[in-house]
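Here the structure comes first, spelled out in structure tokens, and everything after it is commentary.
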Amino acid sequence: MAKGTWVVVDQRDGKIRKVTFELLSEAQKYGDEVTAVVIGKGVEGLAPELGKYGADKVLVADDDIFAVYNTGAFVAQMAAMIKEYDPAVILFGHTTMGRDLAARLAQKLGVGMATDCIAAEISPGKGVFTRAIYAGKALAKVQVEGTPILATIRAGVMEVVESNKAGEVVKAAVAATAGDVYQNVKEFIPTISTRPELTEAEVVVSGGRGLKGPEGVKVIEELADLLGAAIGASRASVDSGWLGHEYQVGQTGKVVNPNLYIAAGISGAIQHLAGMSSSKYIAAINTDPEAPIFSVADFGVVGDLFKVIPVVVAELKK
Amino acid sequence: MKIAVCVKQTFDTEAKIVLKDGKISGDGINLIINPYDEVAVEEAIRIKEKQGGEVVVVCAGGDRATEAIRQALAMGADRGVHIKVNDPDVDEYARAVMLAEVLKEQGADLILCGHVAADDGSSQVPTRVAEILGLPHANVVTKLELGDGKAVCTREVDGGMEVMEVALPAVITCQVSLNEPRYPSMKGIMQAKKKPIANVDAVAVESKAKIIELALPAAKQAGKKIEGEPEDTGKQLAEWLLNEVKVEVKQ
Ligand SMILES: Cc1cc2nc3c(=O)[nH]c(=O)nc-3n(C[C@H](O)[C@H](O)[C@H](O)COP(=O)(O)OP(=O)(O)OC[C@H]3O[C@@H](n4cnc5c(N)ncnc54)[C@H](O)[C@@H]3O)c2cc1C
Ligand SMILES: Nc1ncnc2c1ncn2[C@@H]1O[C@H](COP(=O)(O)O)[C@@H](O)[C@H]1O
């Protein structure tokens, strides 16, 4: 009988993404043993950190072949470990790595899967997952049966709780070989920023067409830095070239789930709301009292962002 | 080069979602090509324009899906394959099997897809298709360069960008920043009417993930909205941030 919950660790160069801790915390609820699965190079040292957030065991596959994420080797390794250890549930973050790995693995195993989930109910042999579809305009409950049950979970929706488990290291036999690798990763170009990443940030300050140009970007940057926030953008400010596409929030950009989202000079088009309306607190600054963004804002200021934000900054600095 | 593009027909992004008998109602909804797939079609046409070849559009969907195929043909694709699927709830597994069946027959050098469908938001189908066909894949690509039997893909990953090379044939999924899709010209629309669309039945395959309940999210309540002098409104916003949201201020 398959048993236990696996959480696939999303890490790069030993830095674990926060969603991993969210999933370890969530997995505590299923009442089964929780194993953090970490595939990488020189990753055994991550075990105590994973134990802290709820890993009873840490299954480690360590090899040069896993130094950078590549789908083929990771899928081969996962498939071999699943065969050996027979887990009941496997959770991934809905990150670029998680969705890539989970989809290919699910097909190899011939199982169904729910992706980008915002809630999960697990019972023996069955998972019922809530997903936001049509860009959040509807909610679907999706049922997956059998073993293992695979799902990717949206970052930021599950709470991180420390539970100080053993994090006992179990070394897995390395099963992937050079023949499994079909992607040649030539280069990684990190986003150089002193700010948190958009999809992980607690606070996001976003600007739209109302920024009017690079000068406006400076205005929101000052507020963002005071709040330790990430910068976001509407499509209008991306299309205008003031901010890169990696900043875009919305249907064709990123979905964010911060504690606080501040929208400055953003009208609140349905495609923008799709990416941010599940934020816990939303503040909006807009000159147009009829702007649709106010219909989702907890705190709306009708006014010119160039005048309002400097006052906010000055007040916060006091 | 022969390029196959997987195109899904989705609701207009402006569409209001209404439930009827527990299902999402398509009544009066304007249907479009999934925005990412439009980018995939554009990329395929640009490759064809540069180095010649053929662009085949493959779409699994109900009767109205013909419109999406015609639009891709009007943009410049050469022919279409319409896999008839009437159940809108077929899961990603089943759709991947259906598409792979047709794609295998087409034997393309390159398969382009969107990286996600705007309706189901799954990001599963293309990667599953690649696994079924035993092909390499590259996801969320923002720049694509083709050269002797390989593709060099710049793609979005968490924390930055990655440059990755895969051998062709391969499945590549497109991000919107890859290109700006063209509008079909009048001439293109006229020509599209004469371009062939093959209708094929989907292979019989059961979905594994089942939608058991649909609901509409609770409408978010609008909160406070204030007007006035910036000195005052800005101050109130700062107070709300400090007292209600309890933000931490970094000096
Ligand atoms: C298929 C599709 C996908 C899309 N995907 C996305 C997406 O992912 N993300 C996205 O954001 N959009 C997306 N869009 C575009 C979307 O429809 C809107 O066009 C876009 O969000 C508008 O951006 P905006 O609010 O910045 O600009 P506008 O709608 O032009 O609004 C600018 C706002 O700024 C206000 N303003 C002006 N000056 C000031 C000032 N000095 N101070 C304060 N306020 C001021 C104005 O009152 C106005 O409300 C998509 C569209 C389509 C069709
Ligand atoms: N029914 C379909 N017909 C054709 N292509 C599809 C279909 N469903 C998904 N795809 C392709 O797979 C991509 C991702 O879809 P999804 O996995 O549903 O998010 C889409 O952008 C399409 O390129």
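Brief remarks on what is shown
- When residues of the range B:117-139 are limited to those that are β-branched (Val, Ile, Thr) and surrounded by 24 or more Cβ atoms within 10 Å (Cβ to Cβ), the one farthest from A:Gly136 (Cα to Cα): B:Val129
- Members of the range B:1-59 found to be over 23 Å from B:Leu135 (Cα atoms) and polar (S, T, N, Q), listed by number: B:Gln9, B:Thr10, B:Thr13, B:Ser25, B:Asn30, B:Asn34
- Only a single item in (1) surrounded by fewer than 21 Cβ atoms within 10 Å (Cβ to Cβ); (2) without any contact (Cβ under 8 Å) to a residue 60 or more places away in the chain is not met by A:Tyr30, and it is number (2).
- Looking across the range A:155-173 at every residue that is open to solvent by less than 60 Å² (accessible area, probe 1.4 Å) and away from chain B (no Cβ under 14 Å), the one that is nearest to the chain's Cα centre (by Cα) is identified as A:Met158.
- Of note, B:Lys2 satisfies the criterion of being surrounded by 15 or more Cβ atoms within 10 Å (Cβ to Cβ), more than 14 Å from chain A (Cβ to nearest Cβ), basic (Lys, Arg) and on the phi < 0 side of the Ramachandran plot.
- Of the candidates B:Glu156, B:Glu162, the single residue that is within 16 Å of ligand 1 (Cβ to nearest atom), in the same structural domain as B:Pro88 (by TED's automatic domain parsing) and in a strand (DSSP E or B) is B:Glu156.
- Candidates A:Ala106, A:Ala2, A:Ala61, A:Ala79: the one that is under 22 Å from A:Asp180 (Cα atoms), touching a residue at least 24 places away in the same chain (Cβ under 8 Å) and surrounded by fewer than 20 Cβ atoms within 10 Å (Cβ to Cβ) is A:Ala79.
- Positions within the range B:71-97 being open to solvent by 10 Å² or more (accessible area, probe 1.4 Å), assigned to a helix (DSSP H, G or I) and within 13 Å of chain A (Cβ to nearest Cβ), in sequence order: B:Glu92, B:Tyr93, B:Arg95, B:Val97
- Of all residues in the range A:200-215 being within 14 Å of chain B (Cβ to nearest Cβ) and without any contact (Cβ under 8 Å) to a residue 60 or more places away in the chain, the one that is farthest from ligand 1 (Cβ to nearest atom): A:Glu202
- Annotation: of all residues in the range B:186-228 being open to solvent by less than 60 Å² (accessible area, probe 1.4 Å) and away from chain A (no Cβ under 14 Å), the one that is nearest to B:Met75 (Cα to Cα) is B:Gly188.
- Contact map, the range B:92-114: first residue polar (S, T, N, Q), second residue open to solvent by less than 10 Å² (accessible area, probe 1.4 Å), Cβ cut-off under 8 Å, separation 6 or more or different chains; pairs are B:Gln106/B:Ala4; B:Gln106/B:Val56; B:Gln106/B:Val58; B:Gln106/B:Val81.
- Scanning the range A:146-157 for residues that are in contact with a Phe, Trp or Tyr (Cβ under 9 Å, 6 or more places away or on another chain) and either of a type in the set (S, T, N, Q) or in a loop (DSSP other than H, G, I, E, B) (or both) yields A:Pro148, A:Thr152.
For every residue, the table says whether it meets (1) away from ligand 2 (no atom under 16 Å from the Cβ); (2) part of a loop (DSSP other than H, G, I, E, B); (3) surrounded by fewer than 19 Cβ atoms within 10 Å (Cβ to Cβ).
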site: B:Glu14; (1), (2), (3): yes, yes, yes
site: B:Gly26; (1), (2), (3): no, yes, yes
site: B:Ile29; (1), (2), (3): yes, yes, yes
site: B:Ile32; (1), (2), (3): no, no, no
site: B:Tyr36; (1), (2), (3): no, no, no
site: B:Val41; (1), (2), (3): no, no, no
site: B:Lys50; (1), (2), (3): yes, no, yes
site: B:Val57; (1), (2), (3): no, no, no
site: B:Ile69; (1), (2), (3): no, no, no
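The values are calculated or read from the model by the stated rules, or taken from the named source; none is laboratory data. Note that the structure is predicted; figures quoted are calculated from it, not measured. Heads up, the Cβs are rebuilt from the backbone with ideal geometry, glycines too, and the neighbour counts pull from every protein chain shown. For the accessible areas, the whole protein counts, side chains as well, though only heavy atoms, and no ligand, DNA or RNA atoms are used. Shrake-Rupley method; radii C 1.70, N 1.55, O 1.52, S 1.80 Å.
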